[in-house]
1. Can you tell me which residue is modelled with the lowest pLDDT among those in region 328-340 that are assigned to a loop (DSSP other than H, G, I, E, B) and over 17 Å from residue 395 (Cβ atoms)?
2. Go through region 119-130 and report how many residues are part of a strand (DSSP E or B) and crowded, with 22+ Cβ neighbours inside 10 Å.
3. Looking at region 655-673 only, could you name the residues that are in contact with a helix residue (DSSP H, G or I) (Cβ under 9 Å, 6 or more places away or on another chain) and either at pLDDT below 75 or assigned to a strand (DSSP E or B) (or both)?
4. Checking residue 509 against (1) loosely packed, with under 14 Cβ neighbours inside 10 Å; (2) modelled with pLDDT of 95 or more; (3) within 24 Å of residue 93 (Cβ to Cβ), only one condition comes out false. Which one?
5. What about residue 102, is it surrounded by 24 or more Cβ atoms within 10 Å (Cβ to Cβ) and not assigned by TED's automatic domain parsing to the domain that holds residue 369?
6. Could you check residue 93 against (1) over 21 Å from residue 620 (Cβ atoms); (2) modelled with pLDDT of 95 or more; (3) touching a strand residue (DSSP E or B) at 6+ places or on another chain (Cβ under 8 Å) and say which number it fails?
7. With the structure loaded, tell me whether residue 518 is assigned to a loop (DSSP other than H, G, I, E, B) and modelled with pLDDT of 95 or more or whether it fails that test.
8. Return the only residue of 407, 324 being within 30 Å of residue 671 (Cβ to Cβ) and surrounded by fewer than 22 Cβ atoms within 10 Å (Cβ to Cβ).
């Protein structure tokens, strides 16, 4: 939590300010907090997702780890002033364990300073691998180990098992590439005098421009001079990570190479927890802080344009310049089978990208940023570009982020959703950016990519006028029912999702095909069965712009739909917020013999009602990116039909007090959401009879932070609040 400076007796009426003020006077459970420039005390009710995000998946994370890391509240949550990361033995998406891996990339990073956390370790015997560590902020644009890694503490090692010191033996480490690009590391070990799972202990890294030193409870046990040129990785910002890994391939850290060897989680349902009381950064004279929200781009953003008015634009280098991997410039990289051609007549300005592509081989290129740009203000905006060719070759357009992954959309001809006439003339393509799933818009490091399957014949492809347009206002239904797929008027009196206009219903990777309909209401339903071949299936109603369904976050809020199937296949119904796979995602399992919400697999229609509370806390209702989803991973389904999908119980929108902070002087700064209005008010005396006075002007939200300064006298004391209204 960032500190708030109270100047000129100015006071702010907000939960953040009150909590911060209380923290300043509360007895501390560790060292004094003087000099703390950033911290998370984990004293709220929920994890601060403005600070933390997740690595999600079960692919092993480079070590063959056994767990599937999730963003579910079962694996990470706040309890009694602690962040808890809970590892569990349970079958999940093909893995035998679950856990969580939390990090701040794109939200917070720093260069130089002392980072410390007060942690109670889990019992690691045998197979658990808790860690508090860091990666260079240019990961994964610059792959490991070139990005650098700092391990502040790791525990649960093979060496600890062999020495009978598994609960005492810990290590710190640095991982890096040396002058010739080969991997190297520095590792230091120490044996604690006590079992570290029995109580809290402090783990710290002190980082200056010349040296990094590691501590256990203020006792140093590892230090490295970082002035050699080949250690340049450690002179860029890094971001913190907290996780509990489980096992790994042979050889790897834990020495436990099979799920059966994980005796720390011996039976299905068993769990182990790492407790983090706080994490704090103390500065030194060279400390630099990097807040994602403060570097978020705004306004039109130019990728490759000369005539579109932009607020900021990329600067290009070749990518071979010294220090390029730590800078903010871009490079255009043809990956395969794209040779720069003589420039064609641009669609605008004086230059265009033009490539000759040979037949018979795939082609692709990307606009690469070694250090990501924060484009969170564009996730409901539009990607625009001009393109021309005469080829009918299959093509796709994509973007890639450091924190989630990459996503591609097919680029067809003029009859396709996203396409253009292949007539040799310039054509403009515009793609809603919300359609790029599994993308963290806070960490975009491939801002434009195009690729294609091997064409039958050689072709020329030209691209020009590439730019990103900021987010538009999100639809915000309230005061009734919002229809997703319904023909009943009463089920869409607060508006509806118009198929083909606001977005569409998408089957994922052609895993489902239509079957004859037997509607529950009206004249149409969605009736599907698995396509031949795939052993999984999925589909979703996906809008072009995320929807703000906050009005349904009340005791009467419900997701309602009609469902019919006689299949025994296990499937899940879900919702998704944001753009990252597995983050902001909630699935509810329907399994034969234990189906929820009264569903019966008798081939008859059943009305299902899911309380909105059952979809939280994972789903952020202010940014719903997939309104209704269905997914199966345990085999094909011979038939499933649904109809009359809508949200019920939407409350009327109300004015809310927004958490804000005091700036230098008497400035008030607060986060805004697009489509809302904000008024700053002050009062001289709190109480039931307080008279609140508005400070002009009213501000329209645009997804950025805004500020307002109050020209009061030096000795005036005021309480402030920021009101948000539709």
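1. Looking at the filtered set, the residue picked out is 328.
2. The qualifying residues number 4.
3. 657, 659, 660, 661, 662, 671
4. (2)
5. For residue 102, the condition - surrounded by 24 or more Cβ atoms within 10 Å (Cβ to Cβ) and not assigned by TED's automatic domain parsing to the domain that holds residue 369 - is not met.
6. (2)
7. yes
8. So the residue among 407, 324 that is within 30 Å of residue 671 (Cβ to Cβ) and surrounded by fewer than 22 Cβ atoms within 10 Å (Cβ to Cβ) is 407.
The values are calculated or read from the model by the stated rules, or taken from the named source; none is laboratory data. Note that this is a predicted model, so its numbers are computed, not measured. Don't worry about glycine lacking a Cβ; one is built from the backbone with ideal geometry, like all the others, and counts go over all protein chains shown.
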